[in-house]
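*Asks:* Just dropping this structure here.
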Amino acid sequence: LIWAAVALGLAMALTLSAIAVGRLVFVSSASPSLVPTRLAQTLYSTVTDAMIATSVAVLVLAVAVALVGWFAGPFGVPRRLRGFF
């Protein structure tokens, strides 16, 4: 569970970084005579806003699942923490 959540979190972080790189590539490759820079940024934001929101939500969920899985696991530190509380 922990490794799956960590892998999902890394995939979402990679997705977010790919979207950021894609923004730079799209805005820099758009011809200013056809599509002004502000318009290119607005178009890219319109297309990717939902993807960014979903990626952030899944990233937060993956971190939460990894933490809960670790705290509930059979490892030494979580056992001591559960015993302390």
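Derivation of every value follows stated rules applied to the coordinates shown; laboratory data play no part. Every value quoted in this text rests on a predicted model; they were computed, and no experiment measured them. Reconstructed Cβ throughout: ideal geometry from the backbone, glycine too, with neighbour counts over all protein chains shown.
*Asks:* Take segment 26-38 and flag every residue that is farther than 21 Å from Thr54 by Cβ, part of a helix (DSSP H, G or I) and not basic (Lys, Arg).
*Replies:* We begin by selecting, within segment 26-38, every residue farther than 21 Å from Thr54 by Cβ; these are 27-38.
Next cut, part of a helix (DSSP H, G or I) only: 27-29, 37-38.
Within segment 26-38, Val27, Ser28, Ser29, Thr37 qualify.
*Asks:* While we're on this one: Based on this model, can you work out whether Phe71 counts as more than 21 Å from the chain's Cα centre (by Cα) and either surrounded by 10 or more Cβ atoms within 10 Å (Cβ to Cβ) or part of a helix (DSSP H, G or I) (or both)?
*Replies:* Values: more than 21 Å from the chain's Cα centre (by Cα): yes; either surrounded by 10 or more Cβ atoms within 10 Å (Cβ to Cβ) or part of a helix (DSSP H, G or I) (or both): yes.
Yes.
*Asks:* Here is a follow-up. Taking segment 3-15 as the search range and keeping residues that are among the aliphatic types (A, V, I, L, M) and surrounded by fewer than 16 Cβ atoms within 10 Å (Cβ to Cβ), which one is farthest from the chain's Cα centre (by Cα)? Steps first, please.
*Replies:* Initially, segment 3-15 is screened for residues among the aliphatic types (A, V, I, L, M), giving 4-8, 10-14.
Checking the rest, the ones that are also surrounded by fewer than 16 Cβ atoms within 10 Å (Cβ to Cβ) come to 4, 7, 10-11, 13-14.
Numbers: Ala4: 15, Ala7: 11, Leu10: 7, Ala11: 7, Ala13: 4, Leu14: 7 Å.
Among those residues, the one meeting the criterion is Ala4.
*Asks:* So Ser55 fits all but one of (1) hydroxyl-bearing (Ser, Thr, Tyr); (2) under 21 Å from Leu1 (Cβ atoms); (3) not in a helix (DSSP H, G or I); what number is the exception?
*Replies:* (3)
*Asks:* So which of Ala66, Ala30 is of a type in the set (Gly, Ala, Ser), surrounded by 13 or more Cβ atoms within 10 Å (Cβ to Cβ), in contact with a helix residue (DSSP H, G or I) (Cβ under 7 Å, 6 or more places away or on another chain) and over 18 Å from Ala7 (Cα atoms)? Reasoning before the result, please.
*Replies:* Values: Ala66 fails: over 18 Å from Ala7 (Cα atoms).
Just one listed residue meets the conditions, Ala30.
Quick grid of which residues meet (1) in contact (Cβ under 8 Å) with a residue 40 or more places away in the chain; (2) among the hydroxyl-bearing types (Ser, Thr, Tyr); (3) under 30 Å from Gly69 (Cβ atoms):
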| position | (1), (2), (3) |
| --- | --- |
| Ala11 | no, no, yes |
| Leu14 | no, no, yes |
| Ile19 | no, no, yes |
| Val27 | no, no, no |
| Leu34 | no, no, no |
| Thr46 | no, yes, no |
| Ile52 | no, no, yes |
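*Asks:* Taking Leu39 and the conditions (1) under 23 Å from the mean Cα position of the chain (by Cα); (2) without any contact (Cβ under 8 Å) to a residue 12 or more places away in the chain; (3) surrounded by 11 or more Cβ atoms within 10 Å (Cβ to Cβ), which numbered condition does it fall short on, given that it satisfies the others?
*Replies:* Here Leu39 meets the rest and fails (1).
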